[in-house]
Amino acid sequence: MRDSRRWGLYSHLTEAILSLRPFMKSPVRSSAVLVFLVLFFLGAFVCTRLLNSTTQTLVGSAQDPILTTTASQICPQKAPVLPKKPPQRLEIPLNCTAFTRTCPSNYPTTYSPDEDPDPPSPPTCPEYFRWIHEDLRPWAHTGITRDTLQRARRTANFKLVILNGRAYVEKYRKSFQTRDVFTVWGILQLLRRYPGKVPDLELMFDCVDWPVILTRDYSRPNSSAPPPLFRYCGDDSSLDIVFPDWSFWGWPEINIEPWEHLLKELEEGNKRSKWVDREPYAYWKGNPAVAATRQDLLKCNVSEEQDWNARVYAQDWLRESKEGYKQSDLASQCIHRYKIYIEGSAWSVSDKYILACDSVTLIVKPRYYDFFTRGLMPVHHYWPIKDDDKCRSIKYAVDWGNSHKRKAQAIGKAASNLIQEDLKMDYVYDYMFHLLSEYAKLLQFKPTKPRQAVELCSEAMACRAQGLEKKFMMESMVKGPAVTNPCTMPPPYDPPSLFSVLRRKSNSIKQVETWEKSYWENQIKQS
């Protein structure tokens, strides 16, 4: 029986070859056809054998039920791959009804997304995370003693203690507006996102703009270790530890929404007009009263005598609050090809809103940095502007961009992509997580709760809040633990790689200054 089937298969093969003989006009083509047919029929033979053996297994005895199948189900089809079921997200509801003065005791203290037998690998953190190592380097060899920490109290607004995933705050002085409130709120959301993962720690936080831990005071051979003090920005002459600012969770005093919501609105705002269809000028709107450099920027506005390609507007926040903030919708301000970033009394939270706009960001030479701006590269993410010759520098930048539209658009797009992808709230929380985790490793003492500290939780803050403060807390509240682990920290810079990054930035700025100088020399010759 088996031999007769095999002979039948061979006879079919012979007949097929003979029938194709008229089409074989060359030895090469004949060989190709023969190879194809041999492979085809051998495959059919193998599949038939598989079908026969499968049929014998399935049929069994006469009493067993007969299961039918087809050759296409056995060979050569692969077994279908079933999509993975998305992991279930645990939600922690905000229970204001049951809240009195005591934080709930039923918060999860551990949560591991690794229970998935095939968990996805977390992504590598963005490049700017590498600056965490640099910010903590002053204590890398000495560690942080309790005495060292206490010396940071001199200017701190509050001390934060985290013990077993619960937060305790000892207030020293009130901050400007609700900076301290929304900073603490953001840390509480981090604890909800990664329960049981944030280590025990104590830290001092200063909500004032200017860094105060000066490098020169701790650079002598016998100097003590600098006090570790967290704040929102730093500069090259200070050692303050940089942390994400309060506005990521909302700024109720000037009606700026939490970042997660606003980032989506900015993305939609970008789509309303193409870059080439936007006003071909540089735009800035803000409060000029906070800094002399901003008052100097007002001189660059268009006048009857001169057009520096700038459209500059003073923002009156008091009037805006009375009129319902109708003229300060950030998502509606992406209508110019160029947008100006200039510092206020120190760094400004406006940097992320400006960079998100697809417009070319013109950054007036800054002194300060926040936690992510050290990842920006001149001419790739932004265009550098001189701080001592703003008007001519802005005019050149706009003229260059309008003459090199593709390159200008690429700069604007690189910046907005970085903001949309590398500064989404997932990474803001991961930056906080890694910074606090690395900081906790440096502590040379066991964290304890101060006698004057008060336990804070989402209920303790949001249930009592009112107006925009409550609205923004509810909008920015983390619903429950993350379904993935934090991103993977990139390695610290070694001296050559850090030097290479800094040199590249410096050379890019010098190149722009050379182009600008040549531009104005030609303008003088032509006049």
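The values are calculated or read from the model by the stated rules, or taken from the named source; none is laboratory data. It should be emphasised that the depicted structure is a prediction, and the values quoted were computed from it without experimental measurement. Cβ atoms come from the backbone with ideal geometry, glycine included; neighbour counts cover every protein chain shown. Side chains included, ligands, DNA and RNA excluded: accessible areas come from the protein's heavy atoms. Shrake-Rupley method; radii C 1.70, N 1.55, O 1.52, S 1.80 Å.
Identify, please: which residue in segment 237-262 is free of Cβ contacts under 8 Å to residues at least 40 places away in the same chain and within 22 Å of residue 434 (Cα to Cα) and is, among those, farthest from the chain's Cα centre (by Cα)?
Only one residue tops the list, namely 238.
Of the residues 463, 457, which is surrounded by 13 or more Cβ atoms within 10 Å (Cβ to Cβ) and either touching a Pro at 6+ places or on another chain (Cβ under 8 Å) or of a type in the set (S, T, N, Q) (or both)?
Criteria check complete, one pass: 457.
I'm told residue 483 meets every condition in (1) in contact (Cβ under 8 Å) with a residue 40 or more places away in the chain; (2) crowded, with 16+ Cβ neighbours inside 10 Å; (3) touching a helix residue (DSSP H, G or I) at 6+ places or on another chain (Cβ under 6 Å) except one. Can you identify the failing condition by its number?
Every listed condition holds for residue 483 apart from (2).
How many of the residues in segment 133-148 are buried (at least 19 other Cβ atoms within 10 Å of the Cβ) and either more than 13 Å from residue 238 (Cα to Cα) or at pLDDT below 95 (or both)?
3
Would you check which residues across segment 149-166 are over 29 Å from the mean Cα position of the chain (by Cα) and open to solvent by less than 10 Å² (accessible area, probe 1.4 Å) and list them?
Answer for segment 149-166, where residues must be over 29 Å from the mean Cα position of the chain (by Cα) and open to solvent by less than 10 Å² (accessible area, probe 1.4 Å): 149, 152.
Could you please find all residues in segment 148-168 being among the aromatic types (Phe, Trp, Tyr) and without any contact (Cβ under 8 Å) to a residue 60 or more places away in the chain?
Residue satisfying the conditions is 158 alone.
Starting from residues that are under 26 Å from residue 196 (Cβ atoms) and either among the aliphatic types (A, V, I, L, M) or in a helix (DSSP H, G or I) (or both), keep the ones in segment 478-527 and report whichever is modelled with the lowest pLDDT.
Among those residues, the one meeting the criterion is 483.
Just for segment 242-259: of the residues that are outside any loop (DSSP other than H, G, I, E, B) and open to solvent by 10 Å² or more (accessible area, probe 1.4 Å), which one is nearest to residue 183 (Cα to Cα)?
For segment 242-259, the residue satisfying everything is 251.
Quick grid of which residues meet (1) outside any helix (DSSP H, G or I); (2) touching a helix residue (DSSP H, G or I) at 6+ places or on another chain (Cβ under 9 Å); (3) farther than 27 Å from residue 132 by Cα:
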site	(1), (2), (3)
420	no, yes, no
429	no, yes, no
436	no, yes, no
439	no, yes, no
446	yes, no, no
452	yes, no, yes
461	no, yes, yes
468	no, yes, yes
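Filter segment 251-306 for residues that are within 20 Å of residue 348 (Cα to Cα), basic (Lys, Arg) and modelled with pLDDT of 95 or more and give the result.
Passing the criteria: only 294.
Residue-wise test of (1) within 29 Å of the chain's Cα centre (by Cα); (2) farther than 19 Å from residue 363 by Cα; (3) of a type in the set (A, V, I, L, M, F, W, C); (4) modelled with pLDDT of 75 or more.
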position	(1), (2), (3), (4)
308	no, no, yes, yes
312	no, no, yes, yes
319	no, yes, no, no
326	yes, yes, no, no
332	yes, yes, no, yes
335	yes, no, yes, yes
339	yes, no, no, yes
347	yes, no, yes, yes
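Could you please find all residues in segment 260-292 being within 17 Å of residue 477 (Cα to Cα) and buried (at least 19 other Cβ atoms within 10 Å of the Cβ)?
Selection gives 262, 263.
Of the residues that sit in segment 367-387 and are farther than 20 Å from residue 233 by Cα and in contact with a Lys or Arg (Cβ under 8 Å, 6 or more places away or on another chain), which one is least open to solvent (accessible area, probe 1.4 Å)?
Of everything passing the filter in segment 367-387, 385 is least open to solvent (accessible area, probe 1.4 Å).
Only one of 139, 131 is closer than 21 Å to residue 426 by Cβ and in contact (Cβ under 8 Å) with a residue 40 or more places away in the chain; which?
131
Residues in segment 489-503: is at least one more than 30 Å from residue 407 (Cβ to Cβ) and in contact with a Phe, Trp or Tyr (Cβ under 7 Å, 6 or more places away or on another chain)?
The answer is yes, given that some residue of segment 489-503 is more than 30 Å from residue 407 (Cβ to Cβ) and in contact with a Phe, Trp or Tyr (Cβ under 7 Å, 6 or more places away or on another chain).
Residues that are within 22 Å of the chain's Cα centre (by Cα), more than 17 Å from residue 279 (Cβ to Cβ) and at pLDDT 95 or above: does segment 381-395 have at least one?
Within segment 381-395 (the criterion being within 22 Å of the chain's Cα centre (by Cα), more than 17 Å from residue 279 (Cβ to Cβ) and at pLDDT 95 or above), the answer is yes, since at least one residue qualifies.
Give the residues of segment 354-366 that are open to solvent by less than 10 Å² (accessible area, probe 1.4 Å) and under 13 Å from residue 419 (Cα atoms), sorted by residue number.
Correct list: 355, 356, 357, 359, 361.
On the given criteria, is residue 431 open to solvent by less than 80 Å² (accessible area, probe 1.4 Å) and at pLDDT 95 or above?
yes
What pairs can you find where one residue is in segment 86-111 and more than 23 Å from residue 163 (Cβ to Cβ) and at pLDDT below 80, the other is part of a loop (DSSP other than H, G, I, E, B) and open to solvent by 60 Å² or more (accessible area, probe 1.4 Å), and their Cβ atoms are less than 8 Å apart, with a gap of 6+ or different chains?
Taking only residues 6 or more apart or on different chains, the pairs are 89/479.
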